[in-house]
Amino acid sequence: MASSSKRSKVSKGSSRNENFLSKDNETAYGRYSASKITPSRILIQSDIDFQILPLFSSTQLSFILTLSHSYHKEMFLQFLSNLRVTPECTRLTSFVMQQKVIIDKEDLGTFLHLRTEGDRLHTLIQEADISWSLVNDTLRGNKDKVHQPRVYTLLQNARIIQHVLRSSIIPKAGDRVNITPLLSLVTHLIMTNTPFDEAQLILDYIHRLSDIRHPQTKRKKNIALGHLVCYILEKKYNLIYPEPPTEEPIFFTNASFRSLFHDPTVEGEDSEGDKEAPSEPAPVPNQNAFNDIIQRFDTMETNFGQRFDQIDLHMKTQEDRHNLDMAWIRGQTDYINQNVAMINSYFTAFNPQPPPDQDPEG
């Protein structure tokens, strides 16, 4: 009996969670849950003073740029933990809320209205014959033959497009000073009205998140695009997590674009009669020092942007908490009013007589 009891305990202890297809997936869940979620910013053009969507007119990205969808992170974590990807990375298979789910490229075209044909950018970026001189000419107005990572050298429209891409489509947390080769290539294609496989770009990004499940991945990565995954699961399988959403959308604000649209102040010219020839040529500023100042400014801009995001999130949290408190107070008030009304109805219906005078001296 003791041996049988011991075996049953061992068997019970080795059982896996029903939300995962294997123990490895359950272990991967711990690694995903330890990662930080990077929310994609949502663009509401009517709330922004600057025209952003026209810059993306050559793409079919406008729907996901404006898609506001709340979701519960547990649903997304289960999807990533049980994720399996086909070799060509055109189909994502997973297990969410004890149900098998499939998201393929056609689903991204149907539910997210993305283009499903064209060049696969994650493959194209690995090719050695990319003409970076052509890309740099589009993004920076020069023909350097190597990729340039600095954001401050970008032309205005290029800087706006990459800012939206890295905040919504290819989320990249932290570093706002440098731009990746993939981000440069996507920005170049958008500016030159060159179509590309937008659905595959999203699938490849989600596939890259699979690296987090491997113990060899030492550096923690951020996970993103959960609102797109959960939106498709809701529309395709009617899957909705039973608890309230934990991840709310974050929106672009004017402050996040103001510095990008800022034009240098042009000083007024003196009248022709007041002009004087300079006594000596103006000194040429040191280019390295100038670049260093620009880089420090970009870093400060990133820090200020992150602080504004934290303030916005804190204010929204406080507002939600206030609404919950007021709802609880209203509920308690309604409960008290119901009790008072019940007591009043009792006295009205039965009209009980007061007790007789019990005073012995009366």
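Checking the cross-link pairs K23/K316; K105/K145; K143/K172; K172/K235; K73/K105 against a 29 Å limit on the alpha carbon distance flags K23/K316; K105/K145 as lying beyond it.
Cβ-Cβ distance of L21 and I240, R₀ of 25 Å, FRET efficiency by 1/(1 + (r/R0)^6): the value works out to about 0.70. Couplings 3J(HN,Hα) for the stretch 74-85, derived from phi with the Karplus relation 6.51 cos²θ - 1.76 cosθ + 1.60 (θ = phi - 60°), are 4, 5, 6, 5, 5, 4, 5, 5, 9, 5, 10, 10 Hz, where x marks Gly and Pro.
Pull out a ≥ b ≥ c, the square roots of the eigenvalues of the alpha-carbon gyration tensor of the stretch 67-190, then state rounded if a/c is under 1.5, prolate if not and a/b is larger than b/c, and oblate in the remaining case. Here the stretch 67-190 falls in the prolate category. Averaged over its residues, the stretch 103-230 has an accessible area of 43 Å² per residue, based on protein heavy atoms and a 1.4 Å probe. Surface composition of the stretch 81-209: carbon and sulfur make up 50 percent of the accessible area, probe 1.4 Å. Could you tell me which of rounded, prolate or oblate describes the stretch 185-255, using a ≥ b ≥ c as the square roots of the eigenvalues of the alpha-carbon gyration tensor, with rounded for a/c under 1.5 and, failing that, prolate when a/b is larger than b/c and oblate otherwise? Oblate is the answer for the stretch 185-255, as a/c is 1.5 or above yet b/c matches or exceeds a/b.
Amide H contacts under 5 Å for I37: I223, restricted to partners 5 or more places along the chain or on a different chain, H placed in the peptide plane at 1.01 Å from N.
With θ taken as phi - 60° and the Karplus curve 6.51 cos²θ - 1.76 cosθ + 1.60 applied, the whole-hertz 3J(HN,Hα) list for the stretch 102-107 is 9, 10, 10, 4, 4, 5 Hz, x standing for glycine and proline. Working note: Karplus 6.51/-1.76/1.60 with θ = phi - 60° gives the stretch 24-34 the couplings 4, 5, 5, 5, 4, 4, x, 6, 5, 5, 7 Hz, where Gly and Pro are set to x.
The values are calculated or read from the model by the stated rules, or taken from the named source; none is laboratory data. This is a predicted model, so every value here is computed, not measured. No Cβ is skipped: glycine too gets one built from the backbone with ideal geometry, and neighbour counts run over all protein chains shown. Please note that ligands, DNA and RNA were not included when accessible areas were found on the heavy atoms of the full protein model with its side chains. Shrake-Rupley method; radii C 1.70, N 1.55, O 1.52, S 1.80 Å.
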